[in-house]
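See structure below.
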Amino acid sequence: MIEIKIDTEFIKLDSFLKFAGATTLGSESKFFIQNGDVKVNGEVELRRGKKLYPGDKIEFQGETYTVL
């Protein structure tokens, strides 16, 4: 599990993937999200603007990330 600390109240899913280093471009994040390749708290998430808060868990390409 990879823990990613944010300094704001929330972060949007597409921005989180880029911030965490899981993707290199925002457009790449958008592609994976719309393709159904990302899970948030165990559920497939198709909204790239989904707000993530501390405690949320994101699963992507065999890795699990936790928002701190």
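The values are calculated or read from the model by the stated rules, or taken from the named source; none is laboratory data. Since the structure is predicted, the reported quantities are computational estimates derived from the model, not experimental observations. Positions of Cβ are backbone-derived with ideal geometry, glycine not excepted, and every protein chain shown enters the neighbour counts.
Below are the figures for this structure:
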{"item": "Exclusive hit being farther than 14 Å from Val67 by Cβ and hydrophobic (A, V, I, L, M, F, W, C), set Ile2, Ile6, Ile33", "result": "Ile33"}
{"item": "Matching residues in segment 8-35 - criterion: being small (Gly, Ala, Ser) and either in contact with a strand residue (DSSP E or B) (Cβ under 7 Å, 6 or more places away or on another chain) or on the phi > 0 side of the Ramachandran plot (or both)", "result": "Ala20, Gly21, Ala22"}
{"item": "Filtered residue count, segment 59-68, keeping only those that are surrounded by 13 or more Cβ atoms within 10 Å (Cβ to Cβ) and free of Cβ contacts under 8 Å to residues at least 40 places away in the same chain", "result": "1"}
{"item": "Residue in segment 42-58 that is surrounded by the most Cβ atoms within 10 Å (Cβ to Cβ), counting only those that are of a type in the set (Lys, Arg) and farther than 18 Å from Leu68 by Cβ", "result": "Arg48"}
{"item": "Segment 15-30, residues that are more than 15 Å from Val67 (Cα to Cα) and surrounded by 12 or more Cβ atoms within 10 Å (Cβ to Cβ)", "result": "Thr23, Gly26, Glu28, Ser29, Lys30"}
{"item": "Residue identified as modelled with pLDDT of 95 or more, loosely packed, with under 15 Cβ neighbours inside 10 Å, within 9 Å of the chain's Cα centre (by Cα) and not acidic (Asp, Glu) among Lys39, Lys12", "result": "Lys39"}
